[in-house]
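Participant: After the structure tokens below, expect a handful of questions from me.
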Amino acid sequence: MFNAFIEPKKLKRGPQVITLKDAAVISAFTGLQSGDSVVDAGAGSGWLAVYLGSIVAPSGKVVSYESREEFASLAEKNVARVGLEKVVEIKRADVFQGIGEKEVDLVTLDLADSEKALAAAFQALKPGGHCVGYLPCFEQVKKFVLESKNFGFEHVRSIEVGVREILVRDYGCRPATKGLTHTAFLSFLRKPRL
């Protein structure tokens, strides 16, 4: 199932997606593992939900919130393409109206105005749980992190992930002139342990 995510040709793309370079860092820095529970808000095409589902399977759960029907439908089809229907649920709901799941290990927020979902994320997380914002601009990072403190979150780190391929040739090696550079910034928050 994991290979289905690595090969984007198996998944359909609609709205902007969270690519493997960012998804892998989210799972690595939060310690996500099999059996964990996740709320993913802004399902979009469902790529992040599929990736996270492949990690928490077989006994974990990913609930991905999506308020736009066309995106929710596409995300469900992508989940079905990789056989994760028992692990990943696409929930047609507005995360800004609240999160029904409780005691979750991770909440990911990939939305415009993600900071407006921080109160719901804090309430949904178990103590020690992580919240990660996927934020395209510096101004959004600042707003997200500063607002998070109003709800009791600890700011762990905010980073940008870059991937740069290297050309290896007989006559010299150097960085490639093309590649996937800036996609977004990742802000990692943590709900304090009791």
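Values in this text are rule-based calculations from the coordinates and carry no lab data. These numbers were taken from a predicted model, which means no experiment stands behind them. Here the Cβ positions follow ideal geometry from the backbone for every residue, glycine too, while neighbour counts run over all protein chains shown.
Participant: Show the residues, 5+ positions off or on another chain, whose built amide H is closer than 5 Å to the amide H of THR108.
Facilitator: Long-range HN contacts for THR108: VAL39, ASP40, ALA41, VAL132.
Participant: Same structure, new question: In whole angstrom, how far apart do the alpha carbon centroids of the range 163-194 and the range 84-122 sit?
Facilitator: Computed from Cα coordinates, the inter-centre distance equals 27 Å.
Participant: Give me the extension gain from CYS173 to LYS116: residue separation times 0.36 nm, minus the current Cα-Cα distance, reported in nm with one decimal.
Facilitator: 15.9 nm
Participant: Still on this model: Averaged across orientations, what area in nm² does the convex hull of the alpha carbons in the range 19-79 project?
Facilitator: Quarter of the Cα hull surface area: 3.7 nm².
Participant: Here's a follow-up. Could you give the semi-axes, largest first, of the ellipsoid that matches the range 52-118, computed as the square roots of 5 times the alpha carbon gyration tensor eigenvalues and rounded to whole Å? Intermediate results must be reported in sequence, preceding the final value.
Facilitator: Details: eigenvalues 81, 49, 17 Å².
Working from the Cα gyration tensor, I get semi-axes of 20, 16, 9 Å.
Participant: Also: Per residue, how big is the convex hull of the chain when only Cα atoms are used? Give it in Å³. Show your work: numbers first, answer last.
Facilitator: Working: hull volume 23.9 nm³, N = 194.
Output value, Cα hull per residue: 123 Å³.
Participant: Which order do the peptides 43-56, 65-78, 145-158 take when ranked by the mean count of other beta-carbon atoms within 10 Å per residue, highest first? Before the final figure, lay out the partial values.
Facilitator: Values: 43-56: 27.1, 65-78: 19.6, 145-158: 15.1.
Ranking, from highest mean packing down: 43-56, 65-78, 145-158.
Participant: Skipping prolines and chain starts, which residues have an amide H placed within reach, meaning under 5 Å, of the one on VAL156, given they are 5 or more residues away or on another chain?
Facilitator: Counting only residues 5 or more places away or on other chains, the set is PHE188, LEU189, ARG190.
Participant: Then there's this: Over the chain, what is the relative contact order in whole percent, taking alpha-carbon pairs under 8 Å and six or more residues apart? Kindly include the intermediate steps, with their values, before the conclusion.
Facilitator: Values: 407 pairs, mean separation 35.3, N = 194.
About 18 percent, as a whole number.
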